[in-house]
Amino acid sequence: MYEIEAKLAYDDKEKLVSQLKNLGAILKSEEEITDIYFSKDYTNLKEAKEFIRIRQKNGKAELTFKGETDSELKRIEINSDISDAEAVSKMFESMKFKVIRRNKTLREYWESGDIEIVIVQIVEPAKVDFAEVEGPSEELVKDFVNKLVDCVSPIGKDHFKALDS
């Protein structure tokens, strides 16, 4: 019901991967993902406090609601598998939900104990790279991020600016 993650900028992917390996992280999978984000109240993802996403990967689709909490690292996240992403998309558009972004990403999923690290490369509509560190508690996420201090930095407010045009 909740997602606890830190989004991080990195400049050197090789350095990040090397540090992950040094910390005992293991590459679990690589995937290509297509996302469509919808909102009734917002016109872009940067300002959206809550939104609905349809994600397609590996021939399957899921529907996700994301909403804010009072924590910087914690968001409401509710997921459900769906059988027909195109039909669900048409339903949202018929109900006057706005498409606020379409993305295609390449992702590497790494694991280190209870922590999942995802190296994300948005390839469409523009190229933007970042990493996500997700875990069962804010404390564990913060501790792991601190171990990456030489490889990553907090995402700045303009990090995703290329996607807004």
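Can you name every residue in region 114-162 that is of a type in the set (Asp, Glu), assigned to a strand (DSSP E or B) and more than 27 Å from MET1 (Cβ to Cβ)? Show your work before the answer.
Filtering region 114-162 for residues of a type in the set (Asp, Glu) gives 114, 116, 124, 129, 132, 134, 138-139, 143, 150, 158.
From what is left, the residues that are assigned to a strand (DSSP E or B) are 116, 124, 129, 132, 134.
Residues satisfying the conditions are GLU124, ASP129.
All but one of (1) at pLDDT 95 or above; (2) in a loop (DSSP other than H, G, I, E, B); (3) among the small types (Gly, Ala, Ser); (4) within 26 Å of ASP158 (Cβ to Cβ) hold for GLY24, so report the exception by its number.
(4)
What about VAL88, is it surrounded by 16 or more Cβ atoms within 10 Å (Cβ to Cβ), free of Cβ contacts under 8 Å to residues at least 60 places away in the same chain and either assigned to a helix (DSSP H, G or I) or aliphatic (A, V, I, L, M) (or both)? I'd like the intermediate steps shown before the answer.
Values: surrounded by 16 or more Cβ atoms within 10 Å (Cβ to Cβ): yes; free of Cβ contacts under 8 Å to residues at least 60 places away in the same chain: yes; either assigned to a helix (DSSP H, G or I) or aliphatic (A, V, I, L, M) (or both): yes.
Yes: the conditions hold for VAL88.
Which one of these is of a type outside the set (A, V, I, L, M) and free of Cβ contacts under 8 Å to residues at least 24 places away in the same chain: LYS7, LYS28, LYS66, LYS60? Don't jump to the end; show me each part of the working.
Working: LYS7 fails: free of Cβ contacts under 8 Å to residues at least 24 places away in the same chain; LYS28 fails: free of Cβ contacts under 8 Å to residues at least 24 places away in the same chain; LYS66 fails: free of Cβ contacts under 8 Å to residues at least 24 places away in the same chain.
Selected residue: LYS60, the only one of LYS7, LYS28, LYS66, LYS60 that is of a type outside the set (A, V, I, L, M) and free of Cβ contacts under 8 Å to residues at least 24 places away in the same chain.
When you scan region 49-65, how many residues do you find that are among the polar types (S, T, N, Q) and either under 14 Å from the mean Cα position of the chain (by Cα) or assigned to a strand (DSSP E or B) (or both)? Spell out the reasoning first.
Start the filter on region 49-65 by keeping residues that are among the polar types (S, T, N, Q), which leaves 56, 58, 64.
Now restrict to residues that are either under 14 Å from the mean Cα position of the chain (by Cα) or assigned to a strand (DSSP E or B) (or both): 56, 64.
Going through region 49-65 one residue at a time, the tally reaches 2.
Within region 66-85, track down each residue that is more than 19 Å from LYS49 (Cα to Cα), outside any loop (DSSP other than H, G, I, E, B) and among the charged types (D, E, K, R). Break it down stepwise before answering.
Kept after step one, since they are more than 19 Å from LYS49 (Cα to Cα), are these residues of region 66-85: 80-85.
Those left that are additionally outside any loop (DSSP other than H, G, I, E, B): 80-82, 85.
Scanning region 66-85 gives a single hit, ASP81.
Within region 114-139, which residues are in contact (Cβ under 8 Å) with a residue 60 or more places away in the chain and farther than 20 Å from LYS13 by Cβ?
Those that are in contact (Cβ under 8 Å) with a residue 60 or more places away in the chain and farther than 20 Å from LYS13 by Cβ: GLY135, PRO136, SER137, GLU138.
Listed here are the residues, each with its yes/no results for (1) of a type in the set (Phe, Trp, Tyr); (2) surrounded by fewer than 16 Cβ atoms within 10 Å (Cβ to Cβ); (3) at pLDDT below 95.
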| residue | (1), (2), (3) |
| --- | --- |
| LEU63 | no, no, no |
| SER71 | no, yes, yes |
| PHE130 | yes, no, no |
| GLY135 | no, no, no |
| GLU139 | no, yes, no |
| ASP150 | no, yes, yes |
| HIS159 | no, no, yes |
| ALA162 | no, yes, yes |
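The values are calculated or read from the model by the stated rules, or taken from the named source; none is laboratory data. All values reported here derive from a predicted model rather than from experimental measurement. As a convention, Cβ positions derive from the backbone with ideal geometry for all residues, glycine included, and neighbour counts pool all protein chains shown.
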